[in-house]
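What follows is a short report on a single structure.
The values are calculated or read from the model by the stated rules, or taken from the named source; none is laboratory data. Computed from a predicted model, the values in this text were never measured in an experiment. Every residue, glycine as well, gets a Cβ built from its backbone with ideal geometry; the counts of neighbours run over all protein chains shown.
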Amino acid sequence: MQLLQLANNHQIPAIGYGTWRLKNKPTTVDIINDAISAGYRHFDTAFAYGNEETLGQAFGATKVPRSELFITGKLWNDDRSNVRAACTRSIKNLQCEYLDLYLVHWPASPAVHKDWAEVNRKVWAELEKLYQAGLVKAIGVCNFKVNQLEELLKTAKIPPMVNQIEYHIGQRQPDIVEFCNQHNILVEAWSPLGSGKMLKVPELVQLAEKYQVSPAQLSIKWCLDNGVLPLPKSKDPERMRQNLDVFDLKISPADLKILNDMPYVGGSGLDSETITLFG
Ligand code: A2P
């Protein structure tokens with residue numbers, strides 16, 4: 001597995017295993033064990049996913065040393081005034097001693113909080129303390145748009161090292177990616193396969209056939225070629241392996257452009273500036 005470097009030089013495996021939709025069920029332990037066997041060392045979870053304890057069972061029992069795993073957790077919105085306790089709870093649940101990366105799951109929504117920028121600043125100052133205390137090796141955010149990042153950077157002592165956003169063919173959010181590139185913030189892609197629906201788009205299927213790979217493999221390499229770290233999800237061991245087997249694929253510049261220009265084919269529809277469901 002290729003490694004990338006975060007702004008503080010902490011190394012991060014270039015493809016991570018996404019765990020959204022996996023729940024605290026015995027079968028989840030088997031799925032995580034399958035992912036470890038398939039070669040995943042980077043796991044992305046969140047308190048809000050409701051799977052930390054089961055992931056912790058797999059991490060606690062694996063023979064893979066902790067130093068070879070990269071584990072990301074996320075602070076849920078309800079815990080904004082409770083950051084240290086939320087982080088230590090996640091570390092305990094995940095049986096992982098420390099987190100490699102701790103992310104703010106959602107910015108405070110302007111549709112819910114008049115003082116959204118101040119809420120985000122306060123939360124960020126707490127994450128900085130966790131980093132300085134060594135509970136987490138790196139810190140970052142998710143779903144932050146450019147103006148939300150700009151506001152945060154006004155007072156951040158430590159800039160975010162990661163911004164995890166919805167990113168897949170047809171939804172590139174190029175303004176956010178460009179801003180992050182300029183500020184040495186690694187962009188991670190959630191739903192890099194467009195939650196699976198995108199994989200049936202005929203143009204993508206045709207292009208994948210040309211390269212003799214699957215649409216999922218083409219989508220994952222497309223992320224990497226755009227400097228974005230993909231976090232694909234699959235419960236199927238064969239697909240898990242397939243989704244890691246992408247590093248030999250060489251997409252031509254012309255085809256990369258075709259993929260970059262593909263129209264929107266659907267996504268989550270979640271917008272961190274207007275969301276009221278959870279702010
Ligand atoms: P499954 O778990 O049955 O493999 P995303 O990562 O964008 O959220 O997409 C996840 C969806 O994509 C899941 O429904 C998953 O189904 C499907 N998926 C993951 N990898 C592949 C693949 N290599 N080929 C086809 N579908 C895939």
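If I filter the stretch 47-91 down to residues being small (Gly, Ala, Ser) and more than 22 Å from Lys25 (Cα to Cα), which single residue comes out as surrounded by the fewest Cβ atoms within 10 Å (Cβ to Cβ)? Before the answer, list the steps.
At the first step, the residues of the stretch 47-91 found to be small (Gly, Ala, Ser) are 48, 50, 56, 58, 60-61, 67, 73, 81, 85-86, 90.
Remaining after also requiring more than 22 Å from Lys25 (Cα to Cα): 67, 81, 85.
Working: Ser67: 6, Ser81: 11, Ala85: 10.
Per the criteria, the residue is Ser67.
Counting only strands (runs of 3 or more DSSP E) that fall entirely inside the stretch 120-205 and contain at least 1 residues that are within 16 Å of the ligand (Cβ to nearest atom) and not hydrophobic (A, V, I, L, M, F, W, C), the qualifying elements are 162-166, 186-190. Can you name the residue in the stretch 209-262 that is basic (Lys, Arg) and within 13 Å of the ligand (Cβ to nearest atom) and, of all such residues, is farthest from Gly39 (Cα to Cα)? Taking the candidates together, the pick is Lys221. On the basis of being of a type in the set (Val, Ile, Thr), at pLDDT 95 or above, surrounded by fewer than 22 Cβ atoms within 10 Å (Cβ to Cβ) and part of a helix (DSSP H, G or I), does Val213 make the cut? Taking the combined requirement at face value, the residue does not satisfy it.
If you go through the stretch 219-255 and keep only what is assigned to a helix (DSSP H, G or I), more than 20 Å from Asn163 (Cβ to Cβ) and not small (Gly, Ala, Ser), you end up with Lys221, Pro237, Glu238, Arg239, Met240, Arg241, Gln242, Asn243, Leu244, Pro253, Asp255.
The residues in the stretch 13-44 that are within 14 Å of the ligand (Cβ to nearest atom), assigned to a loop (DSSP other than H, G, I, E, B) and buried (at least 18 other Cβ atoms within 10 Å of the Cβ) can be counted, and the count is 5. Of the residues making up the stretch 91-112, those that are in contact with a Cys (Cβ under 8 Å, 6 or more places away or on another chain) and part of a loop (DSSP other than H, G, I, E, B) number 2.
Okay, residues lined up against (1) in contact with a helix residue (DSSP H, G or I) (Cβ under 7 Å, 6 or more places away or on another chain); (2) of a type in the set (S, T, N, Q); (3) touching a residue at least 40 places away in the same chain (Cβ under 8 Å):
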| position | (1), (2), (3) |
| --- | --- |
| Trp124 | yes, no, no |
| Leu127 | yes, no, yes |
| Gln132 | no, yes, no |
| Val136 | yes, no, yes |
| Asn143 | no, yes, yes |
| Gln148 | yes, yes, yes |
| Glu151 | yes, no, no |
| Lys157 | yes, no, no |
| Val162 | no, no, yes |
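Yes or no: Asp271 assigned to a helix (DSSP H, G or I) and away from the ligand (no atom under 14 Å from the Cβ)? So Asp271 does not fit the description; no. Answer with yes or no whether Phe247 is over 22 Å from Arg21 (Cα atoms), in contact (Cβ under 8 Å) with a residue 60 or more places away in the chain and aromatic (Phe, Trp, Tyr). So Phe247 fits the description; yes. Within the stretch 221-249, track down each residue that is surrounded by fewer than 18 Cβ atoms within 10 Å (Cβ to Cβ) and more than 17 Å from Leu204 (Cβ to Cβ). The answer is Gly227, Lys235, Asp236, Pro237, Glu238, Arg241, Asp245, Phe247, Asp248.
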